Amino acid sequence: MTKSRQLAAIMFTDIVGYTALMGRDTSKALELIEVNKAIQKPLIEKHHGQWLKEMGDGALARFPSALDALQCAIEIQKRAKSELDGQLRIGIHLGDITIDQNEIYGDGVNIASRLEQLADPGGIYVSDGIIKSIRGQSSIPVKDLGEIRLKNVDYPLKIYAVVGPDFPPPNLQQAGSKRSPAKSRTWLTVLILVLLGLIIAGFWVFGNWGDNREMSTSPNDPLLIDKSIAVLPFADMSPEKDQEYLGDGLAEEIINVLTKIDGLKVIGRTSSFSFKDQNADLKDIGDKLGVSYILEGSVRKAEDQIRVTAQLINSIDGSHLWSTNYDNQLQDIFAIQDSIAQNLAKKFALTLDLSKSANPPTTSIAAYELFLKGREFHQIGLAGTDRAMYYLEEALILDPHFCDAAALLSFVYWQHILYELGDRKIFESKAKAMAERAIQADPESYQGYIALAWLQTALDFAWDSARDNYEKAIAQGMPIPYPSYSMFKSITTGSAYGAINDMKHLLINDPLSVDLLTRLSRNYLFTRQFDQVIANGEKTLQIMPNNTSVKRHMATSYLSLGRFDEAEKVYGELYEYNPRYSPHGYIGVLSAIGKVTRAREILDETKYQINPGKVAISYMYLEEPDSTFHYLEKALEEKDFYMILIRLDPHYDKIKHDARYLDLLDRMNFPDGDDTGVL
């Protein structure tokens, strides 16, 4: 299908505070998503609209008319008032859009998204185009909020808020803070601008690009002895509290830069960020993470200006050792994070070489902000996958040569294959194209090589090509050990003992990382250390109670140990959560306890929705070997991801001595390697 352009009413929605809720209570957040979809989808169809994308907590829809869109939004908000506690925001714009196959983009989409971000919880903000289109057709009450300037829009836009007893009063201060200067500048604003100008001029005259205040470092300074640090997420100090992603992104990039300093122990992102929004005592944080120093700070953005503060604190006695602040243009954010890292290196009397990161990852700050949002949703997991995909795709529209965004989007596309969220062929093609784009954009970055190497492993069974790309990634600075590389070595050698050691090593600097703890559980499973799977899983669930991967590993261990009651309970919960996720394990335990009829019902319910590898394992538990190997042949033909685990996953243990199984192993063409402890 060729690209087409048309005029349409675009509606954006999202749930206020969803990201923070996801961090506090995953189960509640996932429930809200389902309620949100149940409210919106039928109403969009009722008002002749088209549901285009679900993006985590939000949705994108288009309508043939402005009136249809507005009436739909009003009805949605009335439902959301009671079912979502009035926490839904909606933005609507009538404008030009471009449609390319199933994708939609253009100014019309961008403006609707910006209006949604401005809207009050429970409110609806619309553009002037919507109001002009419904004039004379409707008596819907609206309030004129004046003209504003939106990011990446070259002209001021007049906006309105829907008002009435069912809607919150418009936050005029919020909208007014973004008004066009021609409409809202007052003598006070002018005075403030003059003062800001004098301050900025002072920075330039006296060379204070970053204002550092620090204690001197003496030979006996503990900083020279105990060189360990955790970087907490930078607090969002913006008036609208909508820059959380920027504070998180800044802290994460500082962590990434600090890890390049030899001799400095740097706690990983996941562990440092686990204390977010908890107001925890810094001494407790230092004790739990095993560090003596903590970097904390804040970020505040207004239009194209950014203020960043950072301070280094001794977590043992709470003393402040160094602080700095920056008042700069947003485009200087890359230099700011490097400057902070460089100052910290000096405090620890260590060397930081930034020659390889001299160039910023992108020349488009707007693309970088979208990338940070995409990365934030990617780190949520399955629930954030669609929204991560949306933001990363938008970032690459603004900067097609943005290596980091392309590499991360490749992994997001891979997740769609792994979680069976769409057509495998479409997402496989997209994932490989993004990995190749990342490499072309920056051949000296290891990110693209890692993405391509993993796809060659999981989708192509191309062991030699994958190894070549991992070696290229190592040559470009990929840290060792690296999780996906450890997985590659387990697959190609048939042994996960090395991966266990790798994960333990990585957990030293990231002890609260759910991802690493989950991988450790999986590797214990692959080495048949079932008691360790359960013990490590219980530890992980204390951090993230709704970690479905860990629950599945534990359920498989219960099944292997003959603890059928526990296995049935956990597998049953997983089946209720997502029938396609792990039906083969559920079928296994039901068969073991004599509930064969129910096991066959589950297979009939899921057989045509899951990949052939899962179907094969289901038939194996139902003791139908011919059907088992029929689907394993199909899985090999389709290069099903489950086939790369055929030597590792204990689900295959029941057939490991069958000649047909051994023949499949030969045809997988695994490289020669040590499979001690697996078969």
Averaged over every viewing direction, what's the projected area of the C-alpha convex hull for the range 454-584? Give it in nm², one decimal, please. 8.6
Kindly report, to the nearest 10 Å², the accessible surface of K276 as traced by a 1.4 Å probe over protein heavy atoms only. 50
Structure-derived Rg and Dmax of the Cα atoms in Å - corresponding label in [x] 44.0, 143; [y] 25.6, 85; [z] 27.0, 87: [z]
Put T351, T493 in order of accessible area, largest first, probe 1.4 Å, and you get T351, T493
Please identify which residues in the range 127-147 have an amide N closer than 18 Å to a label point set 7 Å out from the Cα of K78, following the Cα→Cβ vector. 138-142
Provide the per-residue ³J(HN,Hα) series for the range 378-385, in order, calculated from phi with Karplus coefficients 6.51, -1.76, 1.60 and θ = phi - 60°, each as a whole number of Hz, with x at glycine and proline positions. 4, 6, 5, x, 3, 5, x, 4
In terms of solvent-accessible area of protein heavy atoms at a 1.4 angstrom probe, what is the ranking of D338, D423, highest value first? D423, D338
Report the per residue volume, in Å³, of the convex hull enclosing the C-alpha atoms of the range 362-431. 67
At a probe radius of 1.4 Å, what is the per-residue accessible area of L118, in Å² to the nearest 10? 10
Treat the range 255-374 as a sphere of radius equal to its Kirkwood radius over Cα pairs and apply Stokes-Einstein at 4 °C in a medium of 1.567 mPa s; give the translational diffusion coefficient in µm²/s, rounded to a whole number. 82
Using r as the Cβ-Cβ distance of E538 and D304, and R0 as 60 Å, what FRET efficiency do you calculate, to the nearest 0.05? 0.80
Out of S591, G613, I602 - ranked by how far each Cα lies towards the positive end of the dipole of the range 530-615, with unit charges on the beta-carbon of charged residues - the top one is G613
Sites L321 and D144 - FRET efficiency at Förster radius 41 Å, r taken between beta-carbons, to 0.05: 0.20
Using +1 at the C-beta of Lys and Arg and -1 at the C-beta of Asp and Glu, which of I90, T457, I285 has the Cα lying farthest in the positive direction of the dipole of the chain? I90
Percent accessible area from carbon and sulfur atoms, the chain, protein chains only, probe 1.4 Å: 50
Please compute the Kirkwood hydrodynamic radius over the range 508-633, one decimal place, Å, based on all pairs of different Cα atoms. 14.9
Can you pick out the pairs among K425/K607; K569/K614; K28/K283; K430/K539 whose Cα atoms lie more than 25 Å from each other? K28/K283; K430/K539
Per DSSP helix of 4 or more residues, -39500 (n - 2.57); summed, then divided by the residues of the chain. What does that give at 222 nm, rounded to the nearest 500? -16500 deg cm²/dmol
Sequence of E116, E428, E31, E601 from largest to smallest accessible area, 1.4 Å probe: E31, E601, E428, E116
Provide the per residue accessible area, probe 1.4 Å, for the chain, rounded to a whole number of square angstrom. 44
Extension gain from L418 to E31, taking 0.36 nm per residue of separation minus the Cα-Cα distance: 137.1 nm
List the aspartates and glutamates whose Cα sits under 13 Å from the Cα of K347, skipping any in the same chain fewer than 8 residues away. E214, D221, D226
Per the Cauchy relation, a quarter of the hull surface: what is the mean projected area of the convex hull of the alpha carbons in the range 340-461, in nm²? 8.6
If you average the C-alpha positions of the range 346-416 and of the range 560-632 separately, how far apart do those two centres end up, in angstrom? 38
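The values are calculated or read from the model by the stated rules, or taken from the named source; none is laboratory data. Just so you know, these numbers come straight off a predicted model, no measurement behind them. Note that we place each Cβ from the backbone using ideal geometry, even for glycine, and neighbour counts take in every protein chain shown. Ligands, DNA and RNA are excluded from the accessible area calculation, which covers all protein heavy atoms including side chains. Shrake-Rupley method; radii C 1.70, N 1.55, O 1.52, S 1.80 Å.
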